[in-house]
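To start, the structure itself, in structure tokens.
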Amino acid sequence: MESTKNNKTVLAAGFSGMVFFGVAFVIMGAVLPSLIQKFNLDTTSASTLAGLLPFGILLGSVIFGPVIDRFGYKALMIAASMITIAGLELLAFSGSVQSARFAIFLIGFGGGTLNGLTNALVSDISDDSARASNLSILGLFYTIGAVAIPLLFATLSKTVSYSAIVSNAGILMSLPIFYYLFLKFPDAKFKQGIPFAKVIALVKEPFLIILSFVLFFQSGLEGISNNWIPAYLEQTSSAARELSMYALTAIIVGIGAGRLLLGFLLRFISKHITLVASMFISATGIIILAYYKNPSFILPASFLLGLGFASSFPVILGEIGEKYKEMSGTAFSIALVIALTGNTLLNLLVGMVSLDNFHLIVLGSTAAIVSLYLLSLTLKK
């Protein structure tokens, strides 16, 4: 009974940490217009500034796994939260471009660390039957953080400065740290040091690498949808800008709704069926957007696109957590680094081709996800 109770309190800590990552992941888009105006940035300078966020997230994703396997969760959970908060406060009161750059890097680094360690934490404290379901609910908390920031800016930016909004977000994020101080987190798996040979063996695991490339395409899908859907709709469907922004919101809401639904369904429905069906849902959404130009279809189709995106991360991370319990942190690091690489490369691919072909990239990625996942099942032992 006590163990179950402790698991629930630690699960709550993981959920709060994922909210922080949601905030960190979208904060750049919310504040960038204000930073451009404040520092009189040109397009090149602004893109360089924005590029520090994914760089920080990638670095945080590299380090979190070995650290939690060696030292446990608690210290890194607190440290990563404090780094993210420090970045938010520095960003709020930056007096120069240089300090803003450092702030954005800190937010990305702390947020990327929190993303990885909360996924690994929820996986470690969940039994096999509940792992994918709990990871789905964890993803819902990312959506809460990701939606909160644009909503705050949309409702408050006309009367409240971006500095006040960002600063107060950082203050609110500091409160759960006191909660973490009194929790007992899972112990380190390798208190005497991580065997290097085991890390090398893990990197060579075909099952892990194939699953990681499922996330490569999934992360890329989410990244290009967040970044390019408004422009795609405006160019190919002549959608009004307001409608295209609502379409982006519909994708995020679709992901959140899907994660909430999966939190229950994955306890009863096969993970294999769920993931394959989800990709067909996303494919249906993008086909409607590409070939049915009626504006009334845009929001439902965008919602379907996001709804289909919801399953891949919880299902795949659940598979990895179940298979590699002994070194779950390091395994999650490998998977998330490959996933973030996919986000970057698919965004570059969209930038290199005509937006008219955007839907083909989405369809190709959904097909790759299904193919790779079915391939991974032949390797699972």
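Does Phe64 qualify as being over 19 Å from Ala188 (Cβ atoms), of a type in the set (Phe, Trp, Tyr), assigned to a helix (DSSP H, G or I) and assigned by TED's automatic domain parsing to the domain that holds Leu183? If you could, list the steps in order and put the result at the bottom.
Details: over 19 Å from Ala188 (Cβ atoms): no; of a type in the set (Phe, Trp, Tyr): yes; assigned to a helix (DSSP H, G or I): yes; assigned by TED's automatic domain parsing to the domain that holds Leu183: yes.
No: the conditions fail for Phe64.
Please state which one of Ala283, Ala277, Ala290 is under 12 Å from Leu307 (Cα atoms), buried (at least 16 other Cβ atoms within 10 Å of the Cβ) and not acidic (Asp, Glu). Steps first, please.
Working: Ala277 fails: buried (at least 16 other Cβ atoms within 10 Å of the Cβ); Ala290 fails: under 12 Å from Leu307 (Cα atoms).
Sole residue among the options that is under 12 Å from Leu307 (Cα atoms), buried (at least 16 other Cβ atoms within 10 Å of the Cβ) and not acidic (Asp, Glu): Ala283.
Going through Ile252, Ile298, Ile269 one at a time, which residue ends up being within 15 Å of the chain's Cα centre (by Cα), at pLDDT below 90 and either among the aliphatic types (A, V, I, L, M) or within 20 Å of Thr118 (Cβ to Cβ) (or both)? Talk me through it step by step, then tell me what you get.
Values: Ile298 fails: within 15 Å of the chain's Cα centre (by Cα); Ile269 fails: within 15 Å of the chain's Cα centre (by Cα).
Selected residue: Ile252, the only one of Ile252, Ile298, Ile269 that is within 15 Å of the chain's Cα centre (by Cα), at pLDDT below 90 and either among the aliphatic types (A, V, I, L, M) or within 20 Å of Thr118 (Cβ to Cβ) (or both).
Considering only residues of the stretch 232-242 that are in a helix (DSSP H, G or I) and either out of contact with any helix residue (DSSP H, G or I) (no Cβ under 6 Å at 6 or more places or on another chain) or of a type in the set (Val, Ile, Thr) (or both), which is nearest to Ile149 (Cα to Cα)? First the steps, then the outcome.
Residues of the stretch 232-242 that are in a helix (DSSP H, G or I), as a first pass: 232-236, 241-242.
Adding the requirement that they be either out of contact with any helix residue (DSSP H, G or I) (no Cβ under 6 Å at 6 or more places or on another chain) or of a type in the set (Val, Ile, Thr) (or both) leaves 236, 241-242.
Numbers: Thr236: 29, Arg241: 20, Glu242: 18 Å.
Only one residue fits best here, namely Glu242.
When the residues of the stretch 88-101 are filtered to those that are over 14 Å from Ala50 (Cβ atoms), of a type outside the set (S, T, N, Q) and touching a helix residue (DSSP H, G or I) at 6+ places or on another chain (Cβ under 8 Å), which remaining residue is surrounded by the fewest Cβ atoms within 10 Å (Cβ to Cβ)?
Applying the first criterion (over 14 Å from Ala50 (Cβ atoms)) to the stretch 88-101 yields 88-90, 92-96, 98-99.
Adding the requirement that they be of a type outside the set (S, T, N, Q) leaves 88-90, 92-93, 95.
The next check asks that each one be touching a helix residue (DSSP H, G or I) at 6+ places or on another chain (Cβ under 8 Å); those that pass are 88-90, 92-93.
On the way: Leu88: 30, Glu89: 20, Leu90: 20, Ala92: 20, Phe93: 13.
So, considering only residues that are over 14 Å from Ala50 (Cβ atoms), of a type outside the set (S, T, N, Q) and touching a helix residue (DSSP H, G or I) at 6+ places or on another chain (Cβ under 8 Å), the one surrounded by the fewest Cβ atoms within 10 Å (Cβ to Cβ) is Phe93.
When Ala154 is evaluated against the numbered criteria (1) assigned to a helix (DSSP H, G or I); (2) among the small types (Gly, Ala, Ser); (3) surrounded by fewer than 17 Cβ atoms within 10 Å (Cβ to Cβ); (4) touching a residue at least 12 places away in the same chain (Cβ under 8 Å), which criterion, by number, is the only one it fails?
Among (1) assigned to a helix (DSSP H, G or I); (2) among the small types (Gly, Ala, Ser); (3) surrounded by fewer than 17 Cβ atoms within 10 Å (Cβ to Cβ); (4) touching a residue at least 12 places away in the same chain (Cβ under 8 Å), Ala154 violates only (4).
The values are calculated or read from the model by the stated rules, or taken from the named source; none is laboratory data. Remember, it's a predicted structure, so these values are computed and weren't measured experimentally. Heads up, the Cβs are rebuilt from the backbone with ideal geometry, glycines too, and the neighbour counts pull from every protein chain shown.
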